[in-house]
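J.: Handing you a structure now.
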Amino acid sequence: FRGYCSRRLRRLRKTLNFKMGNRHKFTGKKVTEEILSDNRYLLLILMDAERAWSYAMQLKQEANTEPRKRFHLLSRLRKAVKHAEELERLCESNRVDAKTKLEAQAYMAYLTGMLRFEHQEWKAAMEAFNKCKTIYEKLANAFTEEQAVLYNQRVEEISPNIRYCAYNIGDQSAMNELMQMRLRSGGTEGLLAEKLEALITQTRAKQAATMSEVEWRGRTVPVKIDKVRIFLLGLADNEAAIAQAENEETKERLFESLLSECRDAIQAVREELKPDQKQREHSLENDSGKVSNIQYLHSYLTYIKLSTAIKRNESMAKSLQKALLQQQRSDEDGKRSPRPQDLIRLYDIILQNLVELTQLPGLEEDKNFQKEIGLKTLVYKAYRCFFIAQSYVLVKKWSEALVLYERVLKYACEVQSGAGAHRNSLKELPDVQDLITQVNAEKYSLQAAAILDANDPHETESPSQVKDGKPLSERFETFCLDPSLVSKQVSLVHFPPGFQPIPCKPLFFDLALNHVAFPPLEDKVEQKAKSGLTGYIKGIFGFKS
C-alpha cells in the first residue's frame, strides 16, 4: 500500500503539473487555499498522510523482532498526523462541502488517536477515537444505506481500540467486551479480527505480570515464561467463547486459534527444556522418579492441547451426526452427503489422542487419571463400533453389524459399571445410556431387515442385470446393465492376458552323420611329419622350397 501511495502521488503531481523542482534541485511547494481549483490537490495531502501511516504500520510489524524500529514508527505517525492537520485546515475553505469537512475531521481524529495509542496515552487516545466514532456514526445516519455500510465498518474497526483504552484507564469490564466483539466478528478473518486478537493479547500480557504459578492435579508449578502465562490466562476466556459460539464455523475458528496458541506455548517450554536436560535428569534421580517443574508444566500444556483436540473432533462428530440424521429423513440430491466412515475417522483420531494422554510424563502413577482416561476410551470405542456397524448395515452385512452392536453394548455396560466416583469427569462425554437405547432399537430393525433380505423372492434377477464376471470385450453380443462400467474399476479386458498354447520350434537331428565316409588323410599327416627343425631353419634364412 505504501508503494501504491508513492506511485499515486507521482501521477497526481505530473497530472496537476505540481512538481517539486527538477532532477537537479528540489523546490518545495505547499498546497494553499488559493489553488484549490481541483479536488485532486486535496488528494496530494491525503496520499502523503496515507503513505506515512502505511509505513508506520509496516514498521509496527517489524518492531516485534527489531525493537529499535519503534522510534521510526512513532516518527512516521507524527508525520501522518501533521499531513492530516494540513488536510483538515484546507478543508475549512468555503470551496469544500460539509461532508468532506467532517470526513477530514474524523481522519485527523483517527490518526491522532493512533499516535496517542502508541505513546500509551490512553485518555487522550480514547478521546480522539470517540470523536472519530461520533463523526462516522453521524455520517452513517445522514446518508444512504450503501454509504452507511462503509461508515459503520469504520466504527467497528475503532471500537476495539476504545475498549482497550478504557481497560488501561481502569475499566475492568472492557476485557469482556473485547471477547464479545471477537465472538460477534464470527468466522470471518481480516483486519478487524487481527486487531481484536492483538488487543486481547496485549491485555493478557498486562495481567500475566501478576501470575506466578499454576495448580494441576494437586501439584503447584511455577510459571516463568511470559508466553505460557498469557496463554493460561486466556484459556478460560477462550473456552467460554467456544461454548457461546453460535455456529459451527465460528466454533471451528476459535478451536484452531486456541490450538495455535497452545502449540506456541508448548514450543516456548521446549526451548526451556533443552538447556535444562542434564539438571532435569539429575533431579529425576534425586526425587525418585518425580519429574521436574518445567517437565510437569510441559505435560500440563500437552494435556490442554490433546483435550482441546478431542473436544474439537467431538464437536465435528456431533455436527456430522446431525447431518447424517437429516440425510436419512430427507434423501435429497446435491453435494456430497456425510457417511458413517467420516465419523469413524474422527473417533480414531480421538482414541489416538487418549493413548497419548496416558503416556504423559509425571502421570504414569496417577491411578485416578489413568482410570478416567480408560473410561473415556471405552465411551469413544463404543461410538466408533456403533458407526462401523452402521457402515456394515449400508452394505447389508447383517452378521458383522450384529456382532458390532453387541460389542457396543459390552463397552457401554463396562462404562456404567466402572464409572462410580468418576461420574463428574464423564459429564462432558456423550451419554452411553442413549447409545444403549439406540443400539437396542437398531438391533431389532437389523434382525428384521436380515430376515426380509433372506426371504426376498427377487433374488433371481432379470438376465439383463446379471453379471457373469466376463469383461466387456467378451460380451459384446449380450446386453447387460453393469454399473461398474461408469466407475473407476471398469472391467474391459482380461489383463494381463492368459497363456495360450502355440506350436513349438522344430528340432533337427543330423542322422546322416553316422553313415558318411571321410577321405583318407595319411598323405597329409606324413608330409607334416617331414617338416621339422630343417624346415624351421630354412624359414629363418629365407630358403623356400
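J.: Does residue 53 satisfy the condition of being more than 23 Å from residue 3 (Cβ to Cβ), of a type outside the set (Lys, Arg) and touching a residue at least 40 places away in the same chain (Cβ under 8 Å)?
T.: Spelling it out, it is not the case that residue 53 is more than 23 Å from residue 3 (Cβ to Cβ), of a type outside the set (Lys, Arg) and touching a residue at least 40 places away in the same chain (Cβ under 8 Å).
J.: Can you name every residue in region 60-109 that is within 30 Å of residue 143 (Cβ to Cβ), β-branched (Val, Ile, Thr) and open to solvent by 30 Å² or more (accessible area, probe 1.4 Å)?
T.: The answer is 100, and nothing else.
J.: When the residues of region 315-339 are narrowed to those that are open to solvent by 30 Å² or more (accessible area, probe 1.4 Å) and among the small types (Gly, Ala, Ser), which ends up modelled with the highest pLDDT?
T.: This residue is 319.
J.: Take region 121-139 and flag every residue that is at pLDDT below 85 and open to solvent by less than 10 Å² (accessible area, probe 1.4 Å).
T.: Passing the criteria: only 139.
J.: From 66, 86, 62, grab the single residue that is acidic (Asp, Glu) and touching a residue at least 40 places away in the same chain (Cβ under 8 Å).
T.: When all the criteria are applied, what remains is 86.
J.: Under 7 Å between Cβ atoms, at least 6 apart or on separate chains: pull out the pairs that start in region 212-223 with a residue that is free of Cβ contacts under 8 Å to residues at least 40 places away in the same chain and farther than 14 Å from residue 304 by Cβ and end on any residue that is of a type in the set (S, T, N, Q) and open to solvent by 40 Å² or more (accessible area, probe 1.4 Å).
T.: 213/220
J.: Write out, first by first residue and then by second, each pair whose Cβ atoms fall under 7 Å of each other, whose residues are 6+ apart or on separate chains, and whose first residue, in region 92-108, is farther than 20 Å from residue 155 by Cα while the second is open to solvent by less than 60 Å² (accessible area, probe 1.4 Å).
T.: 93/36; 95/36
J.: I'd like to know if region 15-22 contains one or more residues that are loosely packed, with under 14 Cβ neighbours inside 10 Å and touching a residue at least 12 places away in the same chain (Cβ under 8 Å).
T.: Among the residues of region 15-22, at least one is loosely packed, with under 14 Cβ neighbours inside 10 Å and touching a residue at least 12 places away in the same chain (Cβ under 8 Å), which makes the answer yes.
J.: For region 340-419, which fully contained helices (runs of 4 or more DSSP H) count at least 2 residues that are acidic (Asp, Glu) and either within 18 Å of residue 431 (Cβ to Cβ) or open to solvent by 20 Å² or more (accessible area, probe 1.4 Å) (or both)? Lay out the reasoning, then the answer.
T.: Working: elements: 340-358, 367-394, 398-418.
Correct list: 340-358, 398-418.
J.: A further question on this structure: Please work out if residue 396 is out of contact with any Gly (no Cβ under 9 Å at 6 or more places or on another chain), modelled with pLDDT of 85 or more and not aromatic (Phe, Trp, Tyr).
T.: The answer is no for residue 396.
J.: Would you check if residue 51 is of a type in the set (Lys, Arg) and surrounded by fewer than 17 Cβ atoms within 10 Å (Cβ to Cβ)?
T.: no
The values are calculated or read from the model by the stated rules, or taken from the named source; none is laboratory data. Everything numeric in this text was worked out from a predicted model, so none of it was measured. Every residue, glycine as well, gets a Cβ built from its backbone with ideal geometry; the counts of neighbours run over all protein chains shown. Keep in mind that these areas ignore ligands, DNA and RNA; they rest on the heavy atoms of the full protein, side chains included. Shrake-Rupley method; radii C 1.70, N 1.55, O 1.52, S 1.80 Å.
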